[in-house]
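The block underneath contains the structure these notes are about, expressed in structure tokens.
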Amino acid sequence: MVEMIKEGKIGMLEAYALVTVIIITKVFYTFPLASIKQTGTAAWYSTLISCACAIAFFVLVYLLLKRFPQKDLYQVFEAVLGQKIGRFLVLVFSVYFLYYAGINLSEFVNILKIYCMPLTPQEVLVAGFLIVTAAMAYVGLEGISRVAYILFYLIIAGLVLILLLAIPFYDFHYLKPWFGYGLGVTVKEGILRTSSYDTVIILAIIANSLQGLKNLKRVGLACLLTAGAVFSICLACVLAAFQYTAGGEYISGMNHLSRIIYYSRFFQRVEAIFVFVWVFASVIAVSATFYIALSSYCRVFNITNHRPLLMPFLFLTFAFSSLPKNMAEIIDIYVRFIRGYSLFLIVLAPVLVLLIAMLMGKRGGKASETQ
Amino acid sequence: MSGKKNKNIIWRMLELITYKKTNRPKTFVLPEVDEQRPNQQQVSGQQQPPEGGQPSQGQDQRAAQPEDTSQTSEAQQPKQAPAVVVERAGQKRRIPKKPLSASEVRSARKDKDQVKTDVDSNLQVLKQAFHAPENKDLIIREFSLSNKKRGFLAFLDGMTDKNIINEYILKPLLDQENASNSEYKVGMPLEDIVLTDDTQALKTFGEVINNILKGNTAVYVEGLDYILICETIGYEKRGVEAPKTEIVVKGPQEAFSENLRTNITLLRRIIRNKDLVTEFFELGEKSNTTCAIVYLQGLVNPLILKEVKRRLKNIKTDFVVSIGMLEELIEDNPFSLFPTILSTERPDRTAANILEGRVAIILDGNPIVLIVPITLNALMHSAEDASLKWHNTTALRMVRFCAFAIAILLPGFYLALTTFHHEMIPTELLIAIARAKENVPFPTIIEVLLMELGFELIREAGIRIPGIVGNTLGIIGALILGEAAVTANIVSPVLIIIVALTGLSNFALPNYSLAFGIRILRFAFIFAGAILGFFGLALAAVLLTLMLVNLKSFGIPFMSIIAPRTKRGKDIVIRWPLWLQENRPDYLSPRDRQRQPEIARQWTQQNPENS
């Protein structure tokens, strides 16, 4: 039996808010830039292709969990692949989420420096951020999800406000040509960028904290649909405001969108106020992935208390966030891996496990036998 | 030369970290209580408990201690069984005493605590317990009945109603006509002679002493194996007055007083329900303060009730005299800046909370009542909310929530704005701020801290100075200080507005403890804004949210309704009309969730006679 941290129970709406925020946070970073650069004017619906693929993948994960009732994804890995390989896979997931947290942090801090606080040393920003991350992870999943639920409304309100206030700058003719760089490129990039949605896997990892598989499926689908809609609308607005030429140049399309808001001499340059929205979303995304990395590691080595490991993991996150030398490196190497190729790990691993389980005819028993 | 000098330096440094015996004169150190006892005994001579009497707690401890401490120190002596010291021919000899078993100790204690059948023994125990005759508060009135039986009554002066004692206890006991009456014979129960409304026959001194301490009178007649307690409580107390901190325009003008009984009566007058239950607890081993919990049986969640009782029963401290102390002893998160227990001085508000399934905790001697469990929104409600029309209440609550945000954020926000994000400030305003700040030599953070400190000083001084002078001092102090600070170019005028607005918002918060917590939190936000701008403020806001979602009030999450999400009530931020509030708060899980039927105004379904 795998020793586990007591993660408590989280409600459906809390889980929905948590995972949705983790997925959509990237829209505040370089996501619009990369999408527009790769698919041009088709970026806004290319992400819907990614969303459709992510939904298909999530259904497969759901089928896998359905074969093993009362088990979460990590327990299924062990049940299908055996303890050693299963735990190795969990360890790989742990490293991936830690990497994800570190690179997200680095991306956020760099954007913050570019747009808001150019004179503040990066280390100070990272340190401040990590202190809050540590506090969130110290409290655990229940606390993080509750914070996510409360701040979710503010994040969505902020996002909607930016999109609405920038209406005078939209010209939807900029969305033409409709097929961007060609349908083939759009579909190919759309499938590859399924990785942007792959953090929905967190739901499968915390499946035991949710209230049943049915709820998990509902929450997962709702998260993916919301994220797809948010990405698509935001990309369309960025394209409509800046055209694909400039849209593919601005490091953070959404930040830039908030910067151009102008209604009078009194109401202008209000982008600083939206720092609250960026920070709320980023803190939740980084803390949640950091915590998942930590709890995954604890699962591998049967550690029942994650708190003593906070400091070493914070140090590792700091190390990951310090890997990129500059913004260009973050976009071209690190983020490209997360949002372009991580599907080969996060998406394909559970699918392979499902195939193996089906081929070998493995199924989970009742709750009492499996727990 | 230099080597010698170096050696001296090294030697001096070594001296700093090495132990050296000093020849300083000994200073006075107050000895610990345990160290004092043997000496005191030597001085005052050993006091034996009276025969059949109950020794005081201190004496019990003394008896359990080895008495010979003059020869060897405690540290040198190995632990051994209690011993008696016998002195023979000037030589002290230690005779080991066989230790008593637990059951023997228990039965011995029980015997000592039992009421005896003779007057002298009982009198002696009571006198000793109350340290009479040194303690002049204990009044003992001895008497002889017509059948020559001796008796006494004992009470504490000032705690009792002497009229009751004279007219309804002493008079019937000593009435000669009664004595000659054939119906009144020796065997007649004492309860039937005294005329007080409540009597109790108690057989242990512990209970008797507790009752005397409460203001009751103990009556004993020779031959009985019990002491009769007659209710004679009648000390001086403040009457029911108008509320001082929770003033309302529309609504009752009564507040709790220091008297426990009066407070319970005030509640009973509002909730005339047979299910309203009051339970008593004694708190504080030395103060024996009476604490009551009041709840509605059949409505309150039994688990919450059990938890309240568990916490109150398991307080081990010597005294609890203020409601603040009790609050600190029973709350879930004593380190939290936010209160997790609601305090109120209004009986109507307490009653409303009891009727929602909460528990009220009343401490004798305190005009404030605690209500548990609560959530954050309860702290944002005021006593007047129920008396006003629903839209007025809702508007007021919106103002309060704005005040909450301003009180926490405004100074930090101003700092972040002027230090990090100037671009957001409209140009004209920016120029005005810059012009006003031109002559001020301090950075903005120092200005803010100076003004906040000044404001806190005025507030504190205003509270300490009594009456109208305090208020005047507050206004004059603020005006003069602000004006002078601006004229002297110590702070900019904009900052005066910021600090004043923050102070006003703080006062607009309906809960005193919440407002206090926010005063402290504000400084954290000031530093966060000064160091990291909006980024710092956002991080601090996340931490505050995290802190709030992790608070609990008697097991109920403090942010219930929002996180964890529970069924929405109709009296959270928006107070919907009363006739729409069909259910009690979901997070309390009351046993009866429904407050009223779906159609509370049933007259709307009827046809009026003159239609």
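Here, each number is a calculation from the coordinates, and none is a lab measurement. These figures come from a predicted structure and were not determined experimentally. Please note: Cβ atoms are built from the backbone with ideal geometry, for glycine as well, and neighbour counts cover all protein chains shown.
Some values worked out for this structure:
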read-out: Selection from B:289, B:371, B:353 lying farthest towards where the dipole of region B:260-374 points positive, charges on Cβ; value: B:353
read-out: Distance (nanometres) between label positions extended 7 Å along Cα→Cβ at residue B:104 and residue B:430; value: 9.1
read-out: Residue B:135/residue A:123 FRET efficiency (R0 51 Å; Cβ-Cβ; nearest 0.05); value: 0.15
read-out: Shielding by partners, peptide B:561-573 (average Cβ within 10 angstrom, other chains); value: 3
read-out: Estimated FRET transfer efficiency when R0 is 41 angstrom, pair residue B:507-residue B:147 (beta carbons, to 0.05); value: 0.05
read-out: Distant-in-sequence amide H partners of residue B:342 (H built 1.01 Å from N, under 5 Å); value: B:371
read-out: ³J(HN,Hα) computed for each position of region A:10-15 - Karplus, 6.51 cos²θ - 1.76 cosθ + 1.60, integer Hz, glycine/proline x; value: 10, x, 4, 5, 5, 4
read-out: Stretch gain in nm, segment residue B:473-residue B:117, where the contour uses 0.36 nm per residue and the Cα spacing is subtracted; value: 121.6 nm
read-out: Difference of contour (0.36 nm per residue) and Cα-Cα distance, residue B:162 to residue B:201; value: 12.0 nm
read-out: Nitroxide proxy distance, nm - points 7 Å out along Cα→Cβ at residue B:598 and residue B:419; value: 5.7
read-out: Computed lengthening from residue B:191 to residue B:483, 0.36 nm per intervening residue step minus Cα-Cα distance; value: 97.7 nm
read-out: For chain A, with +1 on Lys and Arg beta carbons and -1 on Asp and Glu, the positive-most of A:275, A:308, A:88 along the dipole; value: A:88
read-out: Derived scalar couplings ³J(HN,Hα) [region B:353-359; Karplus, 6.51 cos²θ - 1.76 cosθ + 1.60; whole Hz; x for Gly, Pro]; value: 5, 4, 6, 8, x, 9, 10
read-out: Length-normalised contact order for chain A - Cα pairs under 8 Å, 6+ apart - percent; value: 42
read-out: Shielding of B:423-429 by partner chains, average beta-carbon count, 10 Å; value: 4
read-out: Separation in nanometres of the label points that stand 7 Å from Cα toward Cβ, at residue B:306 and residue A:323; value: 5.1
read-out: Greater than 19 Å apart at Cα, pairs in A:71/A:217; B:203/B:306; B:306/B:552; value: B:203/B:306
read-out: Restraint check, B:136/B:286; A:214/B:570; A:37/A:176; B:127/B:162, Cα-Cα greater than 22 Å; value: A:214/B:570
read-out: Max mean-square fluctuation residue, GNM over chain A, Cα-Cα springs under 10 Å, options A:173, A:256, A:306; value: A:173
read-out: Sequence-distant residues sharing a close amide H with residue B:359 (under 5 Å, placed H); value: B:372
read-out: Candidates A:199, A:120, A:133: whichever shows maximal mean-square fluctuation once chain A is modelled as a Gaussian network with Cα springs under 10 Å; value: A:120
read-out: Residue-wise HN-Hα coupling along region A:294-311, computed from phi with Karplus coefficients 6.51, -1.76, 1.60 (Hz; x: Gly, Pro); value: 5, 5, 5, 4, 4, 5, 4, 10, 6, 8, 8, 10, 7, 5, x, 8, 4, 4
read-out: Least to most buried among B:113, B:197 (fewest other Cβ within 10 Å first); value: B:197, B:113
